[in-house]
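Report on one structure; see the data block that follows.
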Protein chains: 4
Amino acid sequence: MKKVISICGSDVDDNYLSQYAIDVAEQVGRLIARKGGVLVCGGQGGVMKAACKGAKEENGITVGILPYTKKDANECIDIAIPTNIGNVRNYLVANSGDAVIAIGGRWGTLNEISYCMVSEKPLILIKGTGGCVDQIINGNLMQDIESHYFIANSAEEAVEKAFNL
Amino acid sequence: MKKVISICGSDVDDNYLSQYAIDVAEQVGRLIARKGGVLVCGGQGGVMKAACKGAKEENGITVGILPYTKKDANECIDIAIPTNIGNVRNYLVANSGDAVIAIGGRWGTLNEISYCMVSEKPLILIKGTGGCVDQIINGNLMQDIESHYFIANSAEEAVEKAFNL
Amino acid sequence: MKKVISICGSDVDDNYLSQYAIDVAEQVGRLIARKGGVLVCGGQGGVMKAACKGAKEENGITVGILPYTKKDANECIDIAIPTNIGNVRNYLVANSGDAVIAIGGRWGTLNEISYCMVSEKPLILIKGTGGCVDQIINGNLMQDIESHYFIANSAEEAVEKAFNL
Amino acid sequence: MKKVISICGSDVDDNYLSQYAIDVAEQVGRLIARKGGVLVCGGQGGVMKAACKGAKEENGITVGILPYTKKDANECIDIAIPTNIGNVRNYLVANSGDAVIAIGGRWGTLNEISYCMVSEKPLILIKGTGGCVDQIINGNLMQDIESHYFIANSAEEAVEKAFNL
């Protein structure tokens, strides 16, 4: 059975999504593939597509768990899982991974992060990628309320951690 | 068809749950019932039970959408909806309401709040009730990232808003 | 906590739906309400609406677990639970009841019936109401394969059984 | 994007599961893999495991959408998707495929078949494999009620059809 790592982060319509977050996502994808892992994500654009692009450069396998149909998938998805349950598919993305890595992100990413927290799914936030990830880290969001995430400073540290949890 | 208001907030095992949050929840329950609304919640303890208790004092109807079986329900639930899908039932609680009112809360409540944001479900946060609700308000969590919640200063203001959205 | 009985059966666009099935559904609704039970169904037309109509004649409470939005609900639904998960909501209808009563029905009803079988949810089929219900009874469908449903000959027998399981 | 074919059928505890059904499942797995398709199934034993075994003999990719955790997966699953939603995961198995092939099966398989019917997902039943598949074919189950499945007489015919729908 292969190691499965889920990636969460903003879709392409996030105006605050930085080039740095995109670069980190691509590198995360490359590293997961190099280690023989399967990359699972929401299958759409932005962070998701960047991570898939990285994984495909290294001949990895990419799975997209989609809100509705296969038409929603980015072109770097190998295995599209259409769900027809809209945003509820977020929990499936989070639940599928042996570990979850979050990069940037808005409320949808926070939806996946919070699901990880209530389900005790290993979660890694990559610092400096903006969005809800940095707001959680910098604002100490609910740090005293049963939070158990890891903070990584780079793609390398995040993937290393994800494979060792 | 009756107006349905969903309530989210901490279960009884939240050590930071204040008496004020419990009092607000009870009052929210009373007011929803007085206005002829149906109260939907996750069916368990803490904020959920307090809101149901208030609703029953005013002969309202309470619905509990439960993680597993009917045994999870608090004693003020009239209609128990067991789901057997664990924490995934959070999205059903959020999706069921014509509006959602959040009081205090931890990651599970943030799970419901974030689902409201991505689904454009009307959401009211009651200020001063602690937990993730106050952390969102005071920390301006993602205030610039497509947030569209309302802030209420009391149970009265929250229920008034919930019925008028 | 109130007794909850779920009703499954054809929507109004089933050309084979008989007046007898509609009459039985109405009577089932009346009897559930008279006994103080809550009627849960898929919230739409045909058998679902007939059962709700019967329940409202006796001042019962009706809950509709809807495929998408509240707009899908028939006019006899008191509490509409919109789910946004389409046909997947079928399993929620089946899972919500303390017992499930099936009347007539097509593949959607068979979806709910089969979910009851795998989940060991008490199920009552009303004989003579046509559709998949009579095909299961008359064709002995999978009678040797872990089937554990009850066959009722009338609305009265079905509701009596549902309250006593 | 790869072609995805979902396989439904009995788990190993089905006393009526025949060696013929197992052989057909293995051959279906081999053929899907030879054509470059991805095999999705419920990830457990019996028909599911046989199909995965066949696919792995031909170096195919196998995905198991599991009721609870990765521990439920058979040893021929490459990518395990744990869902924590129990039998509700049946609909995900059915919804994931570009086409669905059913072999033998009990109520769980009928749950997936009925979901295909209501969702207009292309479905192929392999004749002679027993269980609900043969009961549907031989008993003409709901043949007049909006059924739109294909009947195949062999693994070869089924996979050929699945790739051409």
Legend entry - Long-range neighbours under 8 Å by Cβ, at least six apart or interchain, first residue of a type in the set (D, E, K, R) within region B:81-96, second at pLDDT 95 or above: B:R89/B:G42; B:R89/B:I65; B:R89/B:L66; B:R89/B:P67; B:R89/B:T83
Inset, instruction - Determine whether B:G29 is open to solvent by less than 10 Å² (accessible area, probe 1.4 Å) and outside any helix (DSSP H, G or I). - result: no
Inset, instruction - Return yes when B:N90 is open to solvent by 40 Å² or more (accessible area, probe 1.4 Å) and out of contact with any Pro (no Cβ under 7 Å at 6 or more places or on another chain) and no when it is not. - result: no
Inset, instruction - Those residues that are under 20 Å from D:Q44 (Cβ atoms), facing chain C (nearest Cβ under 10 Å) and not small (G, A, S), I need them from region D:120-140; list them, please. - result: D:C132
Inset, instruction - Considering only region A:46-74, state which residues are at the interface with chain D (Cβ under 8 Å from one of its Cβ atoms) and either surrounded by fewer than 19 Cβ atoms within 10 Å (Cβ to Cβ) or farther than 24 Å from B:Y115 by Cα (or both). - result: A:I61, A:K70
Inset, instruction - Being touching a helix residue (DSSP H, G or I) at 6+ places or on another chain (Cβ under 8 Å) and of a type in the set (G, A, S) narrows it down to one of A:G29, A:G36, A:G45, so name that one. - result: A:G29
Inset, instruction - Considering only residues that are part of a loop (DSSP other than H, G, I, E, B) and among the acidic types (D, E), look in region D:1-26 and name the one that is most open to solvent (accessible area, probe 1.4 Å). - result: D:D13
Inset, instruction - Tell me, yes or no, whether region A:97-116 has at least one residue that is closer than 20 Å to D:Y68 by Cα, touching a Pro at 6+ places or on another chain (Cβ under 9 Å) and not hydrophobic (A, V, I, L, M, F, W, C). - result: yes
Legend entry - Candidate set from region A:104-146 (those that are of a type in the set (D, E) and open to solvent by less than 30 Å² (accessible area, probe 1.4 Å)); member that is modelled with the highest pLDDT: A:E112
Legend entry - Candidate set from region C:32-45 (those that are within 14 Å of chain B (Cβ to nearest Cβ) and part of a helix (DSSP H, G or I)); member that is surrounded by the fewest Cβ atoms within 10 Å (Cβ to Cβ): C:A33
Legend entry - Residue check for B:Y68: in a loop (DSSP other than H, G, I, E, B), of a type outside the set (D, E, K, R) and touching a residue at least 12 places away in the same chain (Cβ under 8 Å): yes
Legend entry - Filter result (within 14 Å of another protein chain (Cβ to nearest Cβ) and open to solvent by 40 Å² or more (accessible area, probe 1.4 Å)) within region A:147-164: A:H148
Inset, instruction - Please go through region D:82-119 and pick out each residue that is within 10 Å of chain C (Cβ to nearest Cβ), out of contact with any strand residue (DSSP E or B) (no Cβ under 6 Å at 6 or more places or on another chain) and in a loop (DSSP other than H, G, I, E, B). - result: D:I85, D:R106
Inset, instruction - Might you check whether a residue that is in contact with a strand residue (DSSP E or B) (Cβ under 7 Å, 6 or more places away or on another chain) and not in a helix (DSSP H, G or I) occurs anywhere in region A:46-55? - result: yes
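The values are calculated or read from the model by the stated rules, or taken from the named source; none is laboratory data. Because the structure is predicted, anything quoted here is derived from the model rather than measured. In this analysis, Cβ positions are derived from the backbone assuming ideal geometry, glycine residues included, and neighbour counts consider all displayed protein chains. Note: accessible area is taken over every heavy atom of the protein model, side chains too, but ligands, DNA and RNA are not part of it. Shrake-Rupley method; radii C 1.70, N 1.55, O 1.52, S 1.80 Å.
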